[in-house]
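Contents: one structure, followed by commentary.
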Amino acid sequence: MITTTQSNYIDNYSAFQLSLPLDLGLKIEPDDEVVSFLKALEGVNLNKYLKKSERRGRKGYDNVMLLKVVLFARMIGFGDLRSMESLCRHDIRFMYITNEETPSFMSFERLFNDYLIEDIDHIFFDICENIGNLMHIDKSVQYIDGTKIEANANKYTFVYKTRIVNARRKLFVKITDTIISINTERGLDFPYHYFYSAQEIGYIAQYLMEVMTRNDIAPVYGKGRRKSDIQKWYDLFLGYYIKLDEYEYWLDIIGERNSCSKTDHDATMCATKIDYYCHTGLSRPCYNVQIGVSNGVIVNAELFQRPADAKTFIPFMERYHQYTEEYPLYPMADAGYGSYDNYMYCLTHKMELYMKYTMYAKKNESKFRKRKLNPLNWEVNEEGYKICPNGRIFDRHIYDQYEQRGEYTRIIQKLTSEQGCEGCPFEEECCKSRKKRKTVSRDVVLNEFYGEVDKNLSTDFGKELKKQRSIQVEGAFGVIKQDMKFTRFARRGLKNTKMEFLIVCIGYNLRKYHKYRLREEKKELLN
């Protein structure tokens, strides 16, 4: 019998009753990832980068708490905002981090846009510094490599600089012919030359429109309507103006690059490894991501718009020095980084030469050594001059070639033999020029750099660096792409993608520290 004075136990009964302990932290295992995550962030002051401005009304969620959710989600392989929102509601580890608060996906989006885009560099280096101290890593050795990660853009949205330049050059010829024709027909005096800007052609179109207005000539369009001669000229120059303005727009976006994407203007069209090995002949909009690894921890990371790795080394090292005020003593990279500028940069900043160069491995291959007519396989005398297979010494100086395209001036000597190549049994096969006189190039400074690299890499320490480079930095990319499932950016623009990749690198370092902590605790138990 139900009364009005007693509780209705039947209707209010629930099988899910509260039980002790109420503290969620007591339900988390000591070897869980979240324990390592919180220990790794104990010594990092994130508040100085995530301070909120004073405002009236609701204060909102704590930015440090939101950032911890983002980083821990990346650590365990989640990167989208909807998943973070769901994890905060259903995963006990995220409930422990948030103190059982339930931020929405828009809370994380505001964190990204208002705070992380500007301060992610400082946050990345502070967290990496703290993890490095906990793991006692040696930063004097830094293994450097890069890879292409696809941008959030369609692969058929390409815009190539060469095509625009060629099309614009042909358009200049048409414009010149058109200006000459209108000057002759209407007695005008428009200037013509080899190069035109969109603004200049726009002035011509504007003048023709003013002439039509003064003469009460209304522009007509459509089937069955006859255009006046002045309108035909106007439409022609207006089309030139629109096309030139489009060309200038894309050339301004591309800048010093060779291409871009219509969807993500900061992405550059690159040939990825899957396209190279599958012979698809396609290019995809990508970013060139570079990382520096020391003892398995990513200590430096950056995004570049250049497809090649050689010209990324100097700004990559400058970025590391900007935030850490030091340079690695042993920067180790593959042959794609071994250039004159990079070697000279290492020399001026007191870094040892351990980066391989282009022909480091190939010059010792038996197939390449059989090419006797290649100057790289010729013998060198005591004075440093090459001796061809016929015994002629190339010691006659022709001229010096100065290259100033890079960071440092490079001097290349052009040499030939005093006797010439007449009567040589290899003349037809060796001399490809019309003058029938073989010339060779010599860069004394670069050759000294190559010799120093060969000497350093031939030591036991150099061999260990070569082995560890392929293990550590290539392994880091393997974990990021395969284990963490990060093979394509979700955001667009250089700043947004840089922020996204640095968060991924922080998540990688946190995973590395978690495994390190478990190993150390296991050693302590065994001892």
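At-a-glance table
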quantity: Flag if Ile175 is farther than 27 Å from Thr268 by Cα, out of contact with any helix residue (DSSP H, G or I) (no Cβ under 9 Å at 6 or more places or on another chain) and not polar (S, T, N, Q); calculated: no
quantity: Where Asn152 falls short, out of the listed (1) open to solvent by less than 30 Å² (accessible area, probe 1.4 Å); (2) in a loop (DSSP other than H, G, I, E, B); (3) of a type in the set (S, T, N, Q); calculated: (1)
quantity: Any pair with Cβ under 9 angstrom, 6 or more apart, that starts in the stretch 354-369 at a residue that is over 16 Å from Pro331 (Cβ atoms) and ends at one that is assigned to a helix (DSSP H, G or I) and among the hydroxyl-bearing types (Ser, Thr, Tyr); calculated: Met359/Tyr450
quantity: Options Ala301, Ala310; residue that is open to solvent by less than 60 Å² (accessible area, probe 1.4 Å) and more than 15 Å from Gly336 (Cβ to Cβ); calculated: Ala301
quantity: Any chance Tyr323 is in a helix (DSSP H, G or I), open to solvent by 30 Å² or more (accessible area, probe 1.4 Å) and farther than 30 Å from Arg169 by Cα; calculated: yes
quantity: Index of the failed condition, Met355 passing every other in (1) under 19 Å from Val453 (Cβ atoms); (2) open to solvent by 60 Å² or more (accessible area, probe 1.4 Å); calculated: (2)
quantity: Set Gln482, Gln472, Gln404, Gln413: member being surrounded by fewer than 14 Cβ atoms within 10 Å (Cβ to Cβ), under 30 Å from Leu347 (Cα atoms) and at pLDDT 85 or above; calculated: Gln404
quantity: The stretch 367-401: number of residues that are closer than 20 Å to Glu448 by Cβ, assigned to a helix (DSSP H, G or I) and open to solvent by 60 Å² or more (accessible area, probe 1.4 Å); calculated: 1
quantity: From Leu71, Leu46, Leu24, residue being open to solvent by less than 80 Å² (accessible area, probe 1.4 Å) and at pLDDT 95 or above; calculated: Leu71
quantity: Residues of the stretch 246-293 classified as part of a loop (DSSP other than H, G, I, E, B), of a type outside the set (Ser, Thr, Tyr) and in contact (Cβ under 8 Å) with a residue 12 or more places away in the chain, total; calculated: 9
quantity: Val159 open to solvent by 40 Å² or more (accessible area, probe 1.4 Å) and either among the β-branched types (Val, Ile, Thr) or under 30 Å from Val64 (Cβ atoms) (or both); calculated: no
quantity: Close pairs (6 angstrom Cβ cut-off, 6 or more residues apart or separate chains): over 25 Å from Leu67 (Cβ atoms) in the stretch 122-145, aliphatic (A, V, I, L, M) and in a helix (DSSP H, G or I) anywhere; calculated: Tyr143/Val473; Asp145/Val473
quantity: Of all residues in the stretch 220-245 being outside any helix (DSSP H, G or I) and open to solvent by 60 Å² or more (accessible area, probe 1.4 Å), the one that is nearest to Val173 (Cα to Cα); calculated: Lys227
quantity: Residue check, Ala167 modelled with pLDDT of 95 or more, open to solvent by less than 60 Å² (accessible area, probe 1.4 Å) and of a type in the set (Gly, Ala, Ser); calculated: yes
quantity: Residue list for the stretch 99-111, filter: assigned to a helix (DSSP H, G or I) and buried (at least 19 other Cβ atoms within 10 Å of the Cβ); calculated: Ser107, Phe108, Leu111
quantity: Selection within the stretch 158-187 - without any contact (Cβ under 8 Å) to a residue 12 or more places away in the chain and of a type in the set (Gly, Ala, Ser); calculated: Ser181, Gly187
quantity: Test: residue in the stretch 363-381 that is closer than 20 Å to Pro425 by Cα and among the polar types (S, T, N, Q); calculated: yes
quantity: Looking only at the stretch 421-455, and only at residues there that are part of a loop (DSSP other than H, G, I, E, B) and loosely packed, with under 14 Cβ neighbours inside 10 Å, the one that is modelled with the lowest pLDDT; calculated: Arg434
quantity: Lone qualifier among Arg56, Arg82, Arg89 - being charged (D, E, K, R), at pLDDT below 90 and on the phi < 0 side of the Ramachandran plot; calculated: Arg56
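The values are calculated or read from the model by the stated rules, or taken from the named source; none is laboratory data. Computed from a prediction, not measured in an experiment: that's the story for all the values here. In this analysis, Cβ positions are derived from the backbone assuming ideal geometry, glycine residues included, and neighbour counts consider all displayed protein chains. In case anyone asks, the SASA skips ligands and DNA or RNA and just uses the protein heavy atoms, side chains included. Shrake-Rupley method; radii C 1.70, N 1.55, O 1.52, S 1.80 Å.
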